[in-house]
Every structure is written in C-alpha cells, then in structure tokens.
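Student: To start, I am sharing the structure in question, which I have written as structure tokens.
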Amino acid sequence: MAAGLGDPLLPFACLKLADRLVKRAGVRRITVRLARHTCGTPFAFLKVHPKIAQAILRHSQISMTMDVYTHVVGDAETEAVAMLAELLEDPLIG
C-alpha cells in the first residue's frame, strides 16, 4: 500500500526515491557527510558566519563545523590551484 499525503515514509522508501532521482538526474550519489564537506568550505570562502554554517550543517559543536567540515583556502592555495588549472589547459599536456 502506497503512503498517502501526510503519511510517514519508511527509511527504505526514501532511499529508493533518492536513488531514482539521482539516476534520473545523472549525478553521482553522495553521502550526507560528503555533502557537508562540500558545503562547509564554500561557506568559509563566501565568508558565511561560522554559527550560520553550523546551523545549516546541523552540528551541535562549532568545533565540528570549523575543524572537520571547513577547509579554509588562503591566497597561496588559490594561487596554486590557478597554476594547476593553467597547466592542465595547456594544449601540449591535454
């Protein structure tokens, strides 16, 4: 019997729905943990207040948000990535 509007969903039903949506969209399925890592660093880059990022990522401790899920990228890292991108765009390499 299918769930009606407002009925609770069973966890396996949510996973099946997520799998279908991921397949339809043609994207890679990722875990919640990876999604948090994917969001934490851009929040820092965009200068989102750490407490806002903590709330969005649903962490109970700010140290989890800042020390585990946020990777701050400084000028040196940005410059290194730009040089790597330039190298990879070189027609002699790729």
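Student: So with the 1.4 Å probe, I'd like the accessible area per residue for the chain, rounded to whole Å².
Tutor: Numbers: 8070 Å² over 94 residues.
Ligands and nucleic acids excluded, the result is 86 Å² per residue.
Student: Which label belongs to the value computed from this structure, given these candidates for mean projected area of the Cα convex hull in nm²: (1) 10.0; (2) 7.5; (3) 6.4?
Tutor: After the calculation, the listed value that fits is (1).
Student: In whole percent, and with a 1.4 Å probe on the protein chains, what portion of the accessible area of the chain is carbon and sulfur?
Tutor: 66 percent
Student: Go through 67-76, 20-29 and give me the packing order, highest mean Cβ count within 10 Å leading. Intermediate values should be presented prior to the final figure.
Tutor: Values: 67-76: 12.2, 20-29: 9.5.
The peptides rank, most packed first, as 67-76, 20-29.
Student: Kindly provide the GluC sites (Glu not before Pro) of region 51-94 that DSSP labels as loop, not H, G, I, E or B, and whose Cβ sees at most 10 other Cβ atoms within 10 Å. Could you put the intermediate results ahead of the total?
Tutor: Working: sites: Glu77, Glu79, Glu86, Glu89; in loops: Glu89.
The qualifying sites are Glu89.
Student: With a 10 Å cut-off between alpha carbons and a GNM built on the chain, which of Leu84, Leu57, Leu46 moves the most?
Tutor: The residue with the greatest mean-square fluctuation here is Leu84.
Student: Further, regarding this structure: Can you give the calculated 222 nm mean residue ellipticity of the chain, where each DSSP H run of n ≥ 4 adds -39,500 (n - 2.57) and the sum is split over every residue, rounded to the nearest 500 deg cm²/dmol?
Tutor: Numbers: 4 runs with 51 residues, N = 94.
Computed ellipticity for the chain at 222 nm equals -17000 deg cm²/dmol.
The values are calculated or read from the model by the stated rules, or taken from the named source; none is laboratory data. Since the model is a prediction, treat every value here as computed from it, not as a measurement. All Cβ positions, glycine included, derive from the backbone under ideal geometry; neighbour counts span all protein chains shown. What goes into the accessible areas is simple: the full protein's heavy atoms, side chains included, and nothing from ligands, DNA or RNA. Shrake-Rupley method; radii C 1.70, N 1.55, O 1.52, S 1.80 Å.
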